[in-house]
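Worksheet for the structure shown next.
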Amino acid sequence: MRWAGQQLDDDGTLPGMPALKGLVRSVRTPEFAGITFHEVRARSVLNRVPGGSPMPFAWTVNPYRGCSHACTYCTVGSTPVLRADGGSVPMADLREGDAVVGTVVEGGVRRLVRTHVLAHWSSRRAVVRVRLADGTEVVVGADHRLLARTGWRHVSRAGADGHGGTWMVPGDALVGAETLPAPGLAGVRDVLDESRGADRTVVAVDAVGEEEVFDVTTTTGDYVAVGLVHHNCFARNTHTYLDLDAGDDFDRQVVVKLNAPEVLACEVRSPRWTREHVAMGTNTDPYQRAEGRYRLMPGIIRALGSSGTPLSILTKGTLLARDLPEITAAGRDVPVGVGVSLAMLDPDLHRSVEPGTPTPRARLDLVRRITDAGLPVGVFVAPVLPGLTDSDEALDALLGEIAAAGASGASVLALHLRPGTREWFHGWLAREHPDLLERYAGLYRRGAYVQQAYRTDLARRVGVLLRRHGLDGGGHHMGGRLDGGKGAQPDNPEPWPDGALPRVPAAVVQETPPEQLSLL
C-alpha cells in the first residue's frame, strides 16, 4: 500500500474532498476502494461508559470512527412524518431535536413512544415507489426498510443484497402504526384511528429513477410516516460530533485518531486518573484491517501498561499476534485480559455466517500464540446458533479444541437477536435454512434473548462440557460490573470467561468528561 504517496491539496485534503478544519491529511488507497481515511488529532481518547451500562468496565478506547458497511434508509422530502403531538411534518423539514413518534419493544410487544431527531441530512439516490392495497404510496431509497408482520424488510432486492437482508414482494403485509398502542402520546391515537382497518398489503414496488432523499437518526432508531413504521440508522449521528455529516461521510470517510497513543499517555499520567480498567474491542474491533497500516495499538498498550492501568482486549482479528510482545510487557506491570470470539469449527458454516473474518483455525492458532506468550486468554463461544451449532457433539468438539489451544476459560453464549441483527439473521436463515424459521420465531418471540427454557437447557449441557475440558473458570457476569452494580440484567446472566478480563474490581465512575475529538 502506497499511503504516503497520495497527492494532497494545500489544505491537507484529497482533490475533490471537502476541507476539514485542522485535518492532518486525507488518504485514499486501492486497498480500501471508495473509502477515505481522515487522520485527525484527538483531544481525548478515554471514553466513559455510561453509568447504567451492564458492562463490567467503566472506560473504553476506540481509535477509529466510521463504518464502510453502513446502511442508508431514506425517504423523499414530501413524506409526512408523524409528530409526537399528533400533527405531521414533511421529511425535508425535520430538524434536530424535533419530537416525533417511534417504537420500542417491551415484553415482546411493539409500542409507540416519543422519540427525538438526533441527525438529519440529504443525498441523491435511486428510489422506488411502494404501493399498498389501500392506496398508500411512499417513495424511498432502494435499501430503505419498513416494518412488515414478519419483521423489518428492505423495500427492494437491489437494496437488500448488499446487507444480507430480506426484501418486500407483492402480497407482503406491512404493520400499520394504528394497530400499536400509543400510551402517553396526546393526539396521536386519534390520528392513527382514522386509518384503522386499512389494507396494508404490498401491491407493487417500482423503480422510479433518482431523487433527493432525506434521512434521520432518532433515539429509537425508527419513526412513523404515512401510517407505516420506518427504520433509520441509529449510529450515524456520532459522525456529526466530528464535524462530518451523518450521510455518505459515515460510510466512506473513516476518522483515525492519529495521535491516540500520545494523547492517552498524557491522560493516564494525570493525577486525576484512578487507573481503572480500560476495555478495547467492545464497540469497534481495534484490530480491524486499517490497524495494519496505522499501528495505533502498540502505543496505546504501552501507555496503559506503563501508567499502571489494567486493560483488556476483545477481538476476532489475528493481527493481535503482531502486538504480543507489547501486551506481554504490559502484563508484567498490570493485570491484562485478552478475549477471542469463536463461534464454530465448521468452515463452510463460518464462511456463510461470518464472511470476511479470520477462520476458526486461524483464531484457534491466535489463542495458542497468546497462551504461548504467557498471557491469559478467555474465549467467547458466541453466538451459539440453535439447531446449527448447539448440539452436544459440536460444542464438545469446539471446547476440546479451545482447551487444547490453552485458553484459561470459555463462556458459551446463545445468539442474541437485537434490532438490526434480527433482520439480517432472519434473511440469512430464510435463504440458507428455511426449515428453522418457525423454530427461531418461537425461541425469540419475546425479544432479543432466546427463551429462558432454552438458556437453562444450554447452560446445563454446557456446564458439564466446560468442567470436562477445564474451562469453567470465570463468573464475571455479562449482566453487570464486577462490583455487582445496578447495571445487572438477570435476562443476560452468562459469565465472562477466565482470562478475558483483568483480575481487578471495576468501579463505576459517576462523573467524567465525555470523549471529544478536536479537529484543530
Would you mind listing the helices (runs of 4 or more DSSP H) fully within region 324-412 where at least 1 residues are in contact with a Leu (Cβ under 9 Å, 6 or more places away or on another chain), of a type in the set (A, V, I, L, M, F, W, C) and under 21 Å from residue 300 (Cα atoms)?
324-331, 360-372
If residue 325 passes every condition in (1) open to solvent by 10 Å² or more (accessible area, probe 1.4 Å); (2) farther than 19 Å from residue 369 by Cα but one, which one does it miss?
(2)
Extreme residue, nearest to residue 154 (Cα to Cα), among residues of region 182-194 that are touching a residue at least 40 places away in the same chain (Cβ under 8 Å) and assigned to a loop (DSSP other than H, G, I, E, B)
182
Considering 400, 378, which residue is open to solvent by less than 10 Å² (accessible area, probe 1.4 Å) and in contact (Cβ under 8 Å) with a residue 60 or more places away in the chain?
378
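To keep it simple, each residue is scored yes or no on (1) open to solvent by 60 Å² or more (accessible area, probe 1.4 Å); (2) under 30 Å from residue 27 (Cβ atoms); (3) out of contact with any Asp or Glu (no Cβ under 8 Å at 6 or more places or on another chain); (4) aliphatic (A, V, I, L, M).
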position	(1), (2), (3), (4)
271	yes, no, yes, no
300	no, yes, yes, yes
304	no, yes, yes, yes
310	no, no, no, no
317	no, yes, no, no
339	no, no, yes, no
349	no, no, yes, yes
352	no, no, no, no
365	yes, no, yes, no
Expected single match for farther than 21 Å from residue 59 by Cα, touching a residue at least 40 places away in the same chain (Cβ under 8 Å) and not aromatic (Phe, Trp, Tyr) among 321, 303 is 321
Any idea how many residues of region 266-299 are under 23 Å from the mean Cα position of the chain (by Cα) and at negative phi?
18
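For region 50-99, please list each of the strands (runs of 3 or more DSSP E) lying entirely inside it that holds at least 1 residues being of a type in the set (Phe, Trp, Tyr) and either at pLDDT 90 or above or out of contact with any Pro (no Cβ under 7 Å at 6 or more places or on another chain) (or both). Talk me through it step by step, then tell me what you get.
Details: elements: 59-61, 80-82, 88-90.
Answer list for region 50-99: 59-61.
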Can you name the residue in region 371-412 that is among the charged types (D, E, K, R) and within 18 Å of residue 453 (Cα to Cα) and, of all such residues, is farthest from the chain's Cα centre (by Cα)?
392
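I'd like to check something: does region 106-121 contain any residue that is at pLDDT 80 or above, surrounded by 14 or more Cβ atoms within 10 Å (Cβ to Cβ), of a type in the set (D, E, K, R) and over 25 Å from residue 190 (Cα atoms)?
The first filter runs over region 106-121 and keeps only residues at pLDDT 80 or above, leaving 109-117.
With the extra rule that they be surrounded by 14 or more Cβ atoms within 10 Å (Cβ to Cβ), the set shrinks to 110-117.
Now narrow it down to the ones that are of a type in the set (D, E, K, R): 110-111, 114.
Among the residues that remain, those that are also over 25 Å from residue 190 (Cα atoms) are: none.
No, region 106-121 contains no residue that is at pLDDT 80 or above, surrounded by 14 or more Cβ atoms within 10 Å (Cβ to Cβ), of a type in the set (D, E, K, R) and over 25 Å from residue 190 (Cα atoms).
Suppose the filter is open to solvent by less than 10 Å² (accessible area, probe 1.4 Å) and out of contact with any His (no Cβ under 9 Å at 6 or more places or on another chain); does residue 386 pass it?
Numbers: open to solvent by less than 10 Å² (accessible area, probe 1.4 Å): yes; out of contact with any His (no Cβ under 9 Å at 6 or more places or on another chain): yes.
Yes.
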Residue 359 passes all but one of (1) β-branched (Val, Ile, Thr); (2) over 18 Å from residue 415 (Cα atoms); (3) open to solvent by less than 50 Å² (accessible area, probe 1.4 Å); which number fails?
(3)
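Checking the conditions here, which among 169, 138, 109 is touching a strand residue (DSSP E or B) at 6+ places or on another chain (Cβ under 9 Å) and touching a residue at least 40 places away in the same chain (Cβ under 8 Å)?
138
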When (1) without any contact (Cβ under 8 Å) to a residue 60 or more places away in the chain; (2) more than 18 Å from residue 376 (Cβ to Cβ); (3) buried (at least 19 other Cβ atoms within 10 Å of the Cβ) are applied to residue 296, the one that fails is (1)
In region 274-286, which residues are in contact with a helix residue (DSSP H, G or I) (Cβ under 8 Å, 6 or more places away or on another chain) and either under 17 Å from residue 504 (Cβ atoms) or open to solvent by 10 Å² or more (accessible area, probe 1.4 Å) (or both)?
275, 278, 280
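The values are calculated or read from the model by the stated rules, or taken from the named source; none is laboratory data. What you see is a predicted model; the values in this text were computed from it and never measured. Glycine gets a Cβ as well: all are built from the backbone with ideal geometry, and neighbour counts include every protein chain shown. Calculation scope for accessible area: heavy atoms of the full protein, side chains included, ligands and nucleic acids excluded. Shrake-Rupley method; radii C 1.70, N 1.55, O 1.52, S 1.80 Å.
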